[in-house]
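What follows draws every value from the coordinates through simple rules; no lab data is involved. Owing to the predicted nature of the structure, the values given are computational and were not obtained by experimental measurement. Counting neighbours? That spans all protein chains shown, and the Cβs are built from the backbone with ideal geometry, glycine included.
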Amino acid sequence: MAIKITCPHCKRGMLVPEQMAGKTGRCKACKQVLTVPELTANAATQAEAPSREVPPPPAADVEAEAAALFADEPKPVEAPVDTRQVDLNCPYCDEAIHFPIDLAGKRAPCPECKQIIKVPELVKKDPKDWRKVEARGPTGARLPDAPALEGAWGSARAAAVGKQTLVQAGVIPEKELPRTTWQKLRWPVLGVALLFFLGGTGWMGSRWWSQRALGRLLDEAYAYSASADAKPVERAALELQAAQYCLNPKTESPAKNANEHFGKAFAALRSETKSKERDALLIDLATAEVDLGGSKEEADRERAIPWDKTQPALEAALREIGDGEARLLALRAVASRLLARGQTDRIVPMVHRVYAANDADKAAALAVVAFAFLKGNENTKAEKSAADALALYDNKSPPPLRAEVVALAETLQIKKVPKVEKSDEDKANAHIGKVEGLARRGEWDAARKLASGDAFGEAARFRAQLGLAAAAVDAQNPDAVDLETAMKTAEARAAAKPELSWQVYRLILLALRTAMPEERIEALADKIGDVALRGRAQLAVFRARLEKAKQPVEDTAADNIDDKSSAHLLAALDLARHNTRYGSNYAAVIQAWPLPRKAFGALGTARGLQDREK
């Protein structure tokens, strides 16, 4: 008989043989040790009572049953191993391979090529059943329960053309969605952006390369200027051009650097003996220094030097000019520039400081600036300057008469004209001044008749014709007869006289302001007696030609300028500047030039690169 007990640990009920009563064993479920309780009297009686319905069980090994009862779970019976295989060819190496059935539908490596492949499932093959007939018809026939194809014709109903067929045939227009703004502008915007990028990159690269080339050229020019091989006039010419290069607003500290170069140019010229070459460079220096002056606001931004500091340097350059005619020529140019800059009040005080003595030179200078005032419609200032000039002749010992003073008095019709002395020079100057004064008053016939006289010599006649031509050019007289007359006189004999070199040089500058052929002007320049002014006149003609040329010129264009003057070096500079400005790679050309021409060409190339950026 079995005893029903409950495990005190896991509360699981179980049946054990009655022979295990009072013994210990392990729970079949939780494996904990437990003690089978003793049988009670009722339970023993019940166990001993024979059963009528069930025969007594056969005798069994009680210990074995108890051990089996309390033992671990019996090991499951292993299922038979499925030895079927999945056969296939590797899709990579095409090798025939076999996989166990348990890998069907999974991924496994090929035993040959080691590539991971998918093992296919085994196709389940059911035995054929003759009662199951495949419902199919002839090839291409539609099955009864299959949906009809769109647009297909049949006999059961009227045929209808499908929508897709009508769209493809173009009967029904296909609606296109409107394009967005970005879709419309995408490619143009991207194209423009690409062009800007490429252009900006090219511009930055070109600018970087130009700046490097510019630095090398300037260093080459400055190195020669600082060397012992440079003559004072060569050093002055280089420093003057370097100052004008620095005056460009795009350079760093333009006013400070330009002022430094002007100072070096002035120092070099002061160390040179007086000559027409030196005076010509001092005229260039004084004229260029006007561009250095500026207002306080410009000075604060280092774009200019205050006028109060510029004017002393300007006056020093004028004062250093040795020849009287050269100084008057410089004064005309400086006064004209000061008028253009609105600095009219500085002109007369400048004259009084440059000409310290109350002599004929000061009277002529005051007359010259008075004509500049008249040209700039500053009539009141012109009359004041004329009064200052005539006041110098009120003392007991008046200075010699000058033609400029007589011309001014005749132009303004001032009754108080200086008294003509008996000297031939005073008489000649009175004659020359009266011719120019009549012309500036518009009395051309009277002025021409008076200028044709030869009572005071050939030189006086040429000077009278020069004054008449100057009045005609300033008045923009379309009749070139007066300039033609002066040109013929100069071509005949006057140009060859060294004492008239400055007057002939002035005539050439006047002729370049008209439509006179440059070949004729150049021919006159070649006849000037003084070497320095001959080169200067040739340089003026060369610069006028470059101004009209809008493309590079030949390298030999400046060869006709006299190489015994500094003008041929300045011409080389202008040639390199012009050809560089119009795109020529002149930096390579000047490398073959000898010094000092190479140094001037380097600075000219630098100025040409600067002009190109403008």
In whole Hz and in residue order, list the ³J(HN,Hα) couplings for the range 353-367 that follow from phi through the Karplus curve 6.51 cos²θ - 1.76 cosθ + 1.60, θ = phi - 60°; x for Gly and Pro. 7, 6, 9, 5, 7, 8, 10, 5, 5, 5, 4, 5, 5, 5, 5
Using the structure shown, list the pairs from 274/497; 396/427; 434/527 with a Cα-Cα distance above 31 Å, or answer none. none
Just to confirm my numbers, what's the Cα centroid distance between the range 554-614 and the range 241-290 in Å? 19 Å
Between the DSSP loop rule and a limit of at most 11 other Cβ atoms within 10 Å, which trypsin sites (Lys or Arg not before Pro) in the range 477-550 are left? 550
Sticking to Cα atoms, compute the Rg of the range 338-490 to one decimal and its Dmax as the biggest Cα-Cα distance, whole number, in Å. 15.3, 45
Scoring the range 232-542 by relative contact order with C-alpha pairs under 8 Å, at least six apart, yields a percentage of 10 percent
Which of 584, 566 has the fewest Cβ neighbours within 10 Å, and the rest in rising order: 584, 566
Return the loop-located trypsin sites (Lys or Arg not before Pro) in the range 346-398 (DSSP other than H, G, I, E, B) with at most 15 other Cβ atoms within 10 Å of their own Cβ; answer none if there are none. 396
Which stretch or stretches of the range 24-38 have amide N atoms under 18 Å from the point lying 7 Å from residue 11's Cα along the Cα→Cβ direction? 27-32
Residue 595: net charge of surrounding residues, Cβ under 12 Å, Lys/Arg +1, Asp/Glu -1, itself excluded? 0
